[in-house]
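Some notes on the structure that comes next.
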Amino acid sequence: MALSRRRNDHQAAGAWPGYVDVLSTLLMVIVFVLAVFILVQFFLANAISGRDKAIDALRSELAGLVDQLALEKSNNAQLRVDLTNLQATLSSANAERDQLAAVLAESQARADESEKRLAEQQQIVVDLQGKLVSSSGQLEQERRLTAEARSQVDLLNRQLMALREQMAQIERILKESEDKDKANQAQISDLGKRLNAALARKVDELVNYRSEFFGRLRQALGNRRDIQIVGDRFVFQSEVLFDSASAELKPEGREQIAKLAKTLIEISSKIPTDLPWVLRVDGHTDKLPINTPQFPSNWELSSARAISVVKFLASQGVPVERLAATGFGEFQPLDAREDQIAYRRNRRIELKLTER
C-alpha cells in the first residue's frame with residue numbers, strides 16, 4: 001500500500017513540469033497575439049488620423065476656392081462696365097486661373113498620395129488577416145478586427161470618391177473661367193475694331209475740313225508765289241511775314257495772317273466740337289548761323305517767329321486751345337543745296353491743320 005502511494009506521487013511529480021511548459025507556451029502565444037493586435041491598432045489609428053487631417057485640409061482649400069470663384073464672378077460683372085477695368089480684371093482672372101490650376105494639381109497629388117496610403121492600408125489588412133488566421137484561439141477577435149478594418153477601408157474609399165467629385169467640379173469651374181476669358185478677349189477685340197473705325201472716321205472728317213480750309217485760304221490770299229501749299233501744309237516764306245533776323249510781324253505779314261485767321265474762324269465753326277483738331281505753326285530757318293542777344297541760335301529765332309504768328313492769330317479771335325507753336329531751326333530744310341535760292345526756300349512758316 002505504501003509502495004503504491006509512493007509510485008503515484010512520483011508519477012504526479014513528473015507530470016507537473018509538462019503542464020507548466022504547456023501553460024507557458026500558451027501564455028506566450030496569447031501575449032504575442034495581443035502585442036500584434038495592439039501594434040496593428042496603433043498603425044491603423046495613426047493612418048486614420050492622418051487621413052482625417054488631409055481631408056480637413058482639402059475641405060478648407062475647397063472652401064477657399066469657392067470664395068475665389070465668388071470674387072471672380074464679381075470681377076466679371078465689373079468688366080462689363082468699363083473697358084479698362086475689363087483688362088485689369090482679365091489679368092486678375094488669369095492669375096486666379098493659374099492659382100486654381102496649381103491647387104488642382106496639388107489636390108491631384110494629394111489624391112494620388114491618398115490612394116497610395118490606401119493601398120498600404122489594404123496591404124496591412126491583408127498581412128493582418130494572414131497573421132490572425134494563424135492564431136486559431138483568437139478567431140472571433142480576428143473577425144471583429146477584420147470587419148473594422150474593412151469599414152475603415154470603405155470609409156476611405158467613399159472619401160476618395162467624394163474628393164474625386166470635388167476635383168471634377170473644380171475642373172468644370174476652371175473650364176467655365178477659361179470660356180469667360182475667351183469671351184472677354186472677343187469683346188476687347190471688338191471694342192478695338194470699333195475704336196479704330198471711329199478714329200478713321202475722325203481722320204476722314206479732319207481731312208475734309210483741312211481741304212476746305214486750304215482751298216478757302218488760297219482764295220483769300222490769292223495766287224502768290226511766296227505762299228504755297230505743300231502736301232497737307234500751307235507755307236509762307238519768312239520774307240512775307242518778317243524782316244531778316246526779326247520775329248516781329250511786318251504790316252504785310254499781319255494782313256496775310258489776319259486773312260488766315262478769318263478763314264480759320266469760319267471753318268472752325270463747322271468742325272464738330274468733339275474732333276480734336278489743332279492748327280500747328282512751325283517755324284523754320286536757313287542754315288546760316290545767328291548769334292544775337294535776343295536769338296543765340298536759329299532755334300530761338302524759329303520758335304519766336306512761330307509764337308508771334310500764334311499770338312497774332314489768338315488776337316484775331318482764334319481759340320488759343322486750337323493753336324500750337326513749334327520751332328525747328330535749320331534742321332528740316334526743304335532744299336538741301338547751299339545757295340541763296342535754297343536758303344530763301346528754307347526760311348518759312350508752315351501751317352498744318354492736324355489732330356491734337
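The values are calculated or read from the model by the stated rules, or taken from the named source; none is laboratory data. Only a predicted model underlies this, so the values are computations on that prediction, with no experimental measurement involved. Cβ: placed from backbone, ideal geometry, glycine included. Neighbour counts: every protein chain shown. Accessible surface is based on the protein model in full, side chains and every heavy atom, while ligands, DNA and RNA are left aside. Shrake-Rupley method; radii C 1.70, N 1.55, O 1.52, S 1.80 Å.
When region 262-279 is filtered for residues that are closer than 20 Å to Thr326 by Cβ, surrounded by fewer than 20 Cβ atoms within 10 Å (Cβ to Cβ) and among the aliphatic types (A, V, I, L, M), only Val278 remains. Taking the criterion of being out of contact with any Lys or Arg (no Cβ under 9 Å at 6 or more places or on another chain) and either of a type outside the set (A, V, I, L, M) or farther than 17 Å from Leu174 by Cβ (or both), the residues of region 101-119 that qualify are Glu106, Ser107, Gln108, Arg110, Asp112, Glu113, Glu115, Lys116, Ala119. Residue check: Phe331 meets all listed conditions (1) closer than 16 Å to Pro289 by Cβ; (2) touching a residue at least 60 places away in the same chain (Cβ under 8 Å) but one, namely (2).
Please determine whether any residue of region 280-287 is among the acidic types (Asp, Glu) and either in contact with a helix residue (DSSP H, G or I) (Cβ under 7 Å, 6 or more places away or on another chain) or surrounded by 11 or more Cβ atoms within 10 Å (Cβ to Cβ) (or both). Yes, there is a match, as at least one residue in region 280-287 is among the acidic types (Asp, Glu) and either in contact with a helix residue (DSSP H, G or I) (Cβ under 7 Å, 6 or more places away or on another chain) or surrounded by 11 or more Cβ atoms within 10 Å (Cβ to Cβ) (or both). Tell me which of these Arg254 doesn't satisfy, since it passes every other one: (1) in contact with a Phe, Trp or Tyr (Cβ under 7 Å, 6 or more places away or on another chain); (2) open to solvent by less than 70 Å² (accessible area, probe 1.4 Å); (3) in a helix (DSSP H, G or I); (4) without any contact (Cβ under 8 Å) to a residue 60 or more places away in the chain. Tallying (1) in contact with a Phe, Trp or Tyr (Cβ under 7 Å, 6 or more places away or on another chain); (2) open to solvent by less than 70 Å² (accessible area, probe 1.4 Å); (3) in a helix (DSSP H, G or I); (4) without any contact (Cβ under 8 Å) to a residue 60 or more places away in the chain, Arg254 fails exactly one: (2). Summed over region 38-47, the residues that are open to solvent by less than 50 Å² (accessible area, probe 1.4 Å) and β-branched (Val, Ile, Thr) give a count of 1.
Being among the aliphatic types (A, V, I, L, M), over 29 Å from Gln185 (Cα atoms) and at pLDDT 80 or above is a property that Val33 has. The condition of being more than 24 Å from Asp243 (Cα to Cα) and hydroxyl-bearing (Ser, Thr, Tyr) holds for Thr263. Just one of (1) modelled with pLDDT of 75 or more; (2) of a type outside the set (Gly, Ala, Ser); (3) open to solvent by less than 50 Å² (accessible area, probe 1.4 Å) fails for Glu61. It is (3).
Contact map, region 86-97: residues that are over 13 Å from Lys182 (Cα atoms) paired with residues that are of a type in the set (Asp, Glu), Cβ distance under 6 Å, separation 6+ or inter-chain. Pairs shown: Glu96/Glu72. Report whether or not Leu62 is out of contact with any strand residue (DSSP E or B) (no Cβ under 9 Å at 6 or more places or on another chain), assigned to a helix (DSSP H, G or I), of a type outside the set (Lys, Arg) and touching a residue at least 60 places away in the same chain (Cβ under 8 Å). The answer is yes for Leu62. Open to solvent by 80 Å² or more (accessible area, probe 1.4 Å) and hydrophobic (A, V, I, L, M, F, W, C): is that true of Ile341 in this structure? It is true that Ile341 is open to solvent by 80 Å² or more (accessible area, probe 1.4 Å) and hydrophobic (A, V, I, L, M, F, W, C).
Residue count for region 313-338 satisfying the condition of being of a type in the set (A, V, I, L, M, F, W, C), open to solvent by 80 Å² or more (accessible area, probe 1.4 Å) and touching a strand residue (DSSP E or B) at 6+ places or on another chain (Cβ under 9 Å): 1.
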